[in-house]
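Peer 1: I'd like to ask some things about the structure below.
The values are calculated or read from the model by the stated rules, or taken from the named source; none is laboratory data. Quantities reported herein were computed from a predicted structural model and do not represent experimental measurements. Quick reminder, even Gly has a Cβ in these numbers, built from the backbone with ideal geometry, and neighbours come from all protein chains shown. Areas reflect the complete protein model, heavy atoms only, side chains present, ligands, DNA and RNA absent. Shrake-Rupley method; radii C 1.70, N 1.55, O 1.52, S 1.80 Å.
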Amino acid sequence: MYRGRLAPTPTGYLHLGHARTFALAAQRAQAAQGQLIYRTEDLDAERCRPEFAVAALEDLRWLGLLWHEGPDVDGPHAPYTQSQRRGYFLKVWELLHAAGCIYPCDKSRQDVARALTAPHAEHDAEPIFPPSLRPPLGQGRDVTQPDGTNWRFRVPDGETIHFEDRLQGPQAFVAGKDFGDFLVWRKDGFPAYELAVVADDHAMGITEVVRGADLLLSTARQILLYRALGWPEPHWAHAPLVVDAQGRRLAKRTAGLSIRELRAQGRTPVEVLTVPVGTLLG
Ligand code: GLU
């Protein structure tokens with residue numbers, strides 16, 4: 001049985017790019033006669049706001065998307081709001097800790113910047129964590145709970161992570177070159193995105209992950225987590241990013257293009273989902 005998901009992060013109103021990616025996820029679930037799960041990814045307490053979580057549900061309903069499980073309809077994998085799933089994430093931290101593939105890291109952004117000798121990977125805003133700042137193997141083995149410090153996953157330097165993307169074709173990223181040791185737990189006591197998303201996609205039985213192509217590199221990191229946990233990987237389908245007539249990404253310039261603004265301008269759901277972006281920009 002196909003199980004897909006919509007996983008918005010409520011840091012603002014959803015825009016046209018989200019609308020089109022989420023609609024694609026819904027279409028793929030429907031075409032496969034599968035199920036769609038809605039999950040609110042609100043782990044970043046500083047940037048997420050409950051009113052944006054409510055607005056996202058409303059906007060996606062207005063677009064005509066239908067989901068079978070979610071914060072507003074419940075289901076066998078409740079709760080569907082990540083801030084309420086900390087106990088489960090902690091168990092996944094314990095599994096990674098027992099497997100010996102993560103370590104506590106008290107290095108600041110400045111430490112990382114100072115130790116960097118190579119330029120950053122081009123695909124991603126995050127600098128490669130310098131191996132010289134890694135603690136010796138085994139550090140943190142006697143720790144029983146993660147809070148109070150950041151934890152990183154030790155990537156296998158030089159190994160190429162391959163995957164087949166159902167929309168973008170074959171992909172390859174090199175650990176230690178395209179991405180480095182990444183955060184799995186934050187010192188504020190919550191999991192980092194990569195851990196939370198893998199933990200939940202696994203728990204919720206997701207068979208295909210549909211999301212924007214800006215997350216292709218994250219997929220390489222997430223594959224390492226699936227392997228470390230001994231969990232089967234889902235299929236991957238990264239949607240092309242919505243760009244304007246000049247080829248610029250919309251995520252960065254949402255003025256006038258939030259779903260609610262387009263709706264207020266009298267646009268219909270079909271227009272929001274299909275009309276060329278240039279037309280909507282007026
Ligand atoms: N919550 C993430 C976002 O809104 C997407 C996560 C995912 O689809 O894996 O950017």
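Peer 1: Any idea how many residues of segment 184-213 are open to solvent by 20 Å² or more (accessible area, probe 1.4 Å), touching a strand residue (DSSP E or B) at 6+ places or on another chain (Cβ under 7 Å) and within 15 Å of the ligand (Cβ to nearest atom)?
Peer 2: Total meeting the criteria: 2.
Peer 1: Separate question: Output the residues belonging to segment 150-176 that are more than 22 Å from Thr9 (Cβ to Cβ) and either touching a Cys at 6+ places or on another chain (Cβ under 7 Å) or surrounded by 15 or more Cβ atoms within 10 Å (Cβ to Cβ) (or both).
Peer 2: Arg154, Val155, Ile161, Phe163, Gln171, Phe173, Val174, Ala175, Gly176
Peer 1: A further question follows. Tally the residues that are in a strand (DSSP E or B), within 16 Å of Trp62 (Cα to Cα) and either within 10 Å of the ligand (Cβ to nearest atom) or touching an Asp or Glu at 6+ places or on another chain (Cβ under 7 Å) (or both), restricting the search to segment 1-25.
Peer 2: Residues in segment 1-25 being in a strand (DSSP E or B), within 16 Å of Trp62 (Cα to Cα) and either within 10 Å of the ligand (Cβ to nearest atom) or touching an Asp or Glu at 6+ places or on another chain (Cβ under 7 Å) (or both): 1 in total.
Peer 1: Given the criterion of a type outside the set (S, T, N, Q), free of Cβ contacts under 8 Å to residues at least 60 places away in the same chain and within 30 Å of Val174 (Cα to Cα), identify the matching residue among Pro71, Pro146, Pro76.
Peer 2: Pro146
Peer 1: Inside segment 149-163, can you point out the residues that are in contact (Cβ under 8 Å) with a residue 60 or more places away in the chain and in a strand (DSSP E or B)?
Peer 2: Listed by number, the residues that qualify are Phe153, Ile161, Phe163.
Peer 1: Looking at Leu60 and the list (1) touching a helix residue (DSSP H, G or I) at 6+ places or on another chain (Cβ under 7 Å); (2) of a type in the set (A, V, I, L, M); (3) closer than 25 Å to Asp178 by Cβ, which single condition is not satisfied?
Peer 2: Just one mismatch for Leu60, condition (3).
Peer 1: So, one more: Among the numbered criteria (1) surrounded by fewer than 21 Cβ atoms within 10 Å (Cβ to Cβ); (2) farther than 23 Å from Leu250 by Cβ; (3) touching a residue at least 60 places away in the same chain (Cβ under 8 Å), which one does Leu66 miss?
Peer 2: (3)
Peer 1: List the number of the failed condition for Asp44; all other conditions in (1) modelled with pLDDT of 95 or more; (2) more than 22 Å from Pro240 (Cα to Cα) hold.
Peer 2: Unmet condition: (1).
Peer 1: Just one of (1) of a type outside the set (A, V, I, L, M); (2) open to solvent by 20 Å² or more (accessible area, probe 1.4 Å); (3) away from the ligand (no atom under 12 Å from the Cβ); (4) closer than 21 Å to Thr274 by Cα trips up Gln33, so point out which.
Peer 2: (4)
Peer 1: Does any residue of segment 84-101 turn out to be more than 16 Å from the ligand (Cβ to nearest atom), open to solvent by less than 40 Å² (accessible area, probe 1.4 Å) and farther than 23 Å from Trp151 by Cβ?
Peer 2: No, segment 84-101 has no match at all.
Peer 1: Taking Thr40, is it within 25 Å of Leu195 (Cβ to Cβ), surrounded by 23 or more Cβ atoms within 10 Å (Cβ to Cβ) and either of a type in the set (S, T, N, Q) or away from the ligand (no atom under 14 Å from the Cβ) (or both)?
Peer 2: yes
Peer 1: Residues Ser218, Ser258: which one is among the hydroxyl-bearing types (Ser, Thr, Tyr) and in contact with a Leu (Cβ under 9 Å, 6 or more places away or on another chain)?
Peer 2: Ser258
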